[in-house]
Each structure stands twice: as structure tokens, then as C-alpha cells.
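Read-outs throughout are calculated quantities, based only on the coordinates presented, and are distinct from any laboratory measurement. Computed from a predicted structure; not experimentally measured. Cβ placement follows ideal geometry from the backbone for every residue including glycine, while neighbour counts extend to all protein chains displayed.
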């Protein structure tokens, strides 16, 4: 019998510098992550119709990620320093991100560019200050062998 689902409890997010060619083998843990946006893939359609076709015919094209990915972070002095380190890790090829699912023992890998400036949180009475960091997806690798993010960011 199949399991009813997968819990998000214990999911980890890590980052690593990316040179544009070699996949990282280790990722540095990012803390106080509140939410990690999903990446939906839409398959483009290529019109393969010809003059004799009375009904359009299509073949599948490339998949589109939509181009952006959001990570929501609890705003603290430490998380600001961590995301400054993420920004510094982007040497022009984007940063590698690893979303590790312990219950599945799998990772999802994303290469993305980091914004140059961290966002200001919404501010309301009696609420948690969080930063919604919008990343630009360079490449979505998808499900990968598990790599558990570890270590701490040195600031």
C-alpha cells in the first residue's frame, strides 16, 4: 500500500556556489526557512499542423518553469547575514540550491540567480517579519540523489 503523503517537517534548504558546469557535492544549510515555493512545469506546445489538416496538431515542446522561485525566510540578524553570503556566492552563474526531503531521502536541485538587494518584509501588528526572496531560475534539475545541507554560514 502506498504512503498517504510526505510531510514537510524537517525539510532543509542549502546553497552552494555554482561555476556553471560542475554540480556541487555539498551545500551549506540556510536556517529559519518559513516556506519554499514550488516550481510548476508547463509544457509548451509546438504547432505541427500542415495545410491538409482540418484540425490543428501539436507536439510537445520544452517545459517552462515560469522563471521565478520564492523562498520565505524569518528575518533575523543571522538570516540576513546568511542571505548576504548567498548573494556573495553568485559569481555570475547563479547559485545552486538543494531542497532536501528527509522523509523521501531525495533532493530537488535548482540553479538560480539571487536578487542584489534583500526585500523589506510586510509589517503588521503582532506578526512575524519574513522576507520573501524572489529568485530567477537559471535551470531546474529536479529530483536528485540526496545531499543533506550541513554546516553554518560564516559571517
Quiz item: Most fluctuating residue of 16, 81, 96 in a GNM of the chain with Cα springs under 10 Å: which is it?
Solution: 81
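Is the shape of the chain rounded, prolate or oblate, going by the alpha carbon gyration tensor and its root eigenvalues a ≥ b ≥ c, with a/c under 1.5 for rounded and a/b larger than b/c for prolate?
Numbers: a/c = 1.83, a/b = 1.74, b/c = 1.05.
Prolate, since a/c reaches 1.5 and a/b exceeds b/c.
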Quiz item: Roughly what would the spin-label model give for residue 42 and residue 104, points 7 Å off Cα along C-beta, in nm?
Solution: 2.3
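When only Cα pairs under 8 Å and 6 or more residues apart are kept, what is the percent relative contact order across region 105-155?
Numbers: 61 pairs, mean separation 26.2, N = 51.
That works out to 51 percent.
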Self-check item: For the chain, built as a Gaussian network whose Cα springs stay under 10 Å, the top-fluctuating residue of 50, 35, 21
Solution: 50
Quiz item: Most fluctuating residue of 127, 56, 25 in a GNM of the chain with Cα springs under 10 Å: which is it?
Solution: 56
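Given axes a ≥ b ≥ c from the Cα gyration tensor, I'd like to know whether region 112-155 is rounded (a/c under 1.5), prolate (a/b larger than b/c) or oblate. Mind dumping the intermediate values first?
Values: a/c = 2.12, a/b = 1.65, b/c = 1.28.
It comes out prolate by the Cα gyration axes.
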Exercise. With a/c under 1.5 counting as rounded, go ahead and sort region 5-74 into rounded, prolate or oblate using the C-alpha gyration tensor (a ≥ b ≥ c being the square roots of the eigenvalues; past the cut-off, prolate if a/b is larger than b/c, else oblate).
Key: prolate
Exercise. Rounded to the nearest 0.05, what FRET efficiency do residue 125 and residue 31 give with R0 = 22 Å and r taken as the Cβ-Cβ distance? Could you check?
Key: 0.30
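What number do you get for region 64-155 when its Cα radius of gyration is normalised by 2.2 N^0.38 Å, N = residues? Let's see the in-between values first.
Numbers: Rg = 14.2 Å, N = 92, 2.2 N^0.38 = 12.3 Å.
It is 1.16.
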